[in-house]
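Enquirer: Input: one structure, supplied below.
A short reminder: the numbers here are calculations on the coordinates, not readings from a lab. Quick caveat: nothing in here was measured; it's all calculated off a predicted structure. A quick note on method: Cβ atoms are made from the backbone with ideal geometry, for glycine too, and the neighbour counts reach across all protein chains shown.
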Amino acid sequence: MTYDDELAAAEDLHLRSLVAAEADGDERAVEAALRPRTLDEVVGQVRVREQLGLVLEAARRRGRTPDHVLLSGPPGLGKTTLAMIIAAEMSAPLRLTSGPAITHAGDLAAILSGMNEGDVLFVDEIHRMSRPAEEMLYMAMEDFRVDVVIGKGPGATAIPLEIPPFTLVGATTRAGLLPGPLRDRFGFTAHLEFYEPDDLDRIVRRSAGLLGCEVELDGTAEIASRSRGTPRIANRLLRRVRDYAQVRADGVVTRAVARAALDLYEVDASGLDRLDRAVLDALCRRFGGGPVGVSTLAVAVGEERETVEEVAEPFLVRQGLLARTPRGRVATPAAWAHLGLRAPAGTWADAADAPLFEG
Ligand SMILES: Nc1ncnc2c1ncn2[C@@H]1O[C@H](COP(=O)(O)OP(=O)(O)O)[C@@H](O)[C@H]1O
Ligand SMILES: [Mg+2]
């Protein structure tokens, strides 16, 4: 099995659209071909790259395993890619698992007892590990030792198990959910940020090269500007635009081709998709810009509440188009402008006066 097949088996995924930041099973195979293999190939994230490069280089010179590394940031920004690069740069085998796959401390003990010196253990979605496994992991990270409990009740015995020095690489989209003691045991934490359009443009051009797809500069810039700061989305939009270029044009991704393709797939100039626009549209046209409860908003667009909350809202909030207030969701003036509508006076300012909550 390749790393990416293993990932497909290890992760569970939800709701998708063309601009979803998560990858599904089929997409992973394509992504594998586009993943940078070395730190030098990684585009953008300059600070993280430099810091991580130092950590790895110093460990190499000392002939030791690098400190444990935590990679945090939203989906699609390169956490899995960096985990694979850490192993590759250390010429070390990579072992893969994920938080949801570790439901018992015993699952983790089994993985740890099979490790060899210098191995890199990648735990994706590490915030979703069970509590007892987490506690076992603290000990393994610090002392390279765990106590395996055999039996139950008064007769239970703890058998100490030595583990050869290894490097743990944890990835999380929710660093805030990690308990302090676990977070503190990582020697280096990298926070990945959304990418600037220039970096996304370079990523799209690099991927086009690997896919053997001919592009013009303003074609890739058009794709980059609709990619929500996220390399995974940029690569996905490129593949859709390439389809369009091959079927409806002469195969070259020009700005006109990129625009026509992305309009067809309903990804607008700001990267909003059909659902994002439906939410804004309902909020402004039907509810006068809010405040309106998220459940009501979900019914209005014919979606589940979770879909609206987890798929559409984070990007709308990030774009400053929608705000969450104690009394419900509110359209910002930018939302009205985005829809080409004139904002009524008052609503936004009144609702925004109250303190915001995250919910
Ligand atoms: N800095 C980068 N440079 C080039 N491509 C990248 C970069 N970061 C991510 N990618 C691409 O985006 C896709 C998703 O990256 P991945 O590491 O799987 O994200 P995450 O694990 O954070 O969800 C990969 O296929 C990879 O090719
Ligand atoms: Mg990942």
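Enquirer: Based on Cβ point charges of +1 for Lys and Arg and -1 for Asp and Glu, what charge dipole magnitude is obtained for the chain about its Cα centre, in debye rounded to the nearest 20?
Expert: It comes to approximately 540 debye.
Enquirer: What is the extension gain from Ser91 to Ala29, computed as 0.36 nm multiplied by their sequence separation minus the C-alpha to C-alpha distance, in nm to one decimal? Write out the running numbers ahead of the final one.
Expert: Values: separation 62, 0.36 × 62 = 22.32 nm, distance 2.27 nm.
Computed gain between Ser91 and Ala29 is 20.1 nm.
Enquirer: Now for a separate question. R0 = 41 Å: FRET efficiency of Glu117 with Leu211, Cβ-based, nearest 0.05?
Expert: The formula returns an efficiency of 0.60 here.
Enquirer: For Arg64 and Glu22, calculate 0.36 nm times their separation in residues minus their Cα-Cα distance, and state this gained length in nm to one decimal. Mind dumping the intermediate values first?
Expert: Details: separation 42, 0.36 × 42 = 15.12 nm, distance 3.44 nm.
Stretched fully, the Arg64-Glu22 segment lengthens by 11.7 nm.
Enquirer: Given the -39500 (n - 2.57) contribution per DSSP H run of 4+ residues, what per-residue ellipticity at 222 nm results for the chain, rounded to the nearest 500 deg cm²/dmol?
Expert: -13000 deg cm²/dmol, from helical runs alone.
Enquirer: What Kirkwood hydrodynamic radius do you get for the chain when you take the inverse of the mean 1/r over all pairs of distinct Cα atoms, in Å?
Expert: 22.5 Å
Enquirer: Suppose a student asked you for the relative contact order of segment 195-265, using Cα pairs under 8 Å spaced at least 6 residues apart; what percent would you report?
Expert: Values: 98 pairs, mean separation 25.2, N = 71.
Over segment 195-265, the number comes to 35 percent.
Enquirer: Full-extension gain between Val252 and Glu266, please, as 0.36 nm times their residue separation minus the C-alpha to C-alpha distance. Can you show the working numbers first?
Expert: Details: separation 14, 0.36 × 14 = 5.04 nm, distance 2.06 nm.
So the chain would gain 3.0 nm between Val252 and Glu266.
Enquirer: What net charge is computed for the residues neighbouring Ala58, neighbours being all others with C-beta under 10 Å from the C-beta of Ala58, Lys and Arg scored +1, Asp and Glu -1?
Expert: Within the 10 Å Cβ shell, the charges total +2.
Enquirer: Principal axis extents for segment 35-191, Cα atoms only, whole Å, descending order, please.
Expert: Ordered largest first, segment 35-191 gives principal extents of 55, 32, 24 Å.
Enquirer: Tell me, what ³J(HN,Hα) does each residue in segment 272-285 have, in order and in whole Hz, if you take phi through Karplus 6.51 cos²θ - 1.76 cosθ + 1.60 with θ = phi - 60° and put x for Gly and Pro?
Expert: Whole-Hz 3J(HN,Hα) from phi for segment 272-285: 6, 9, 4, 5, 4, 5, 4, 5, 4, 5, 4, 4, 7, 6.
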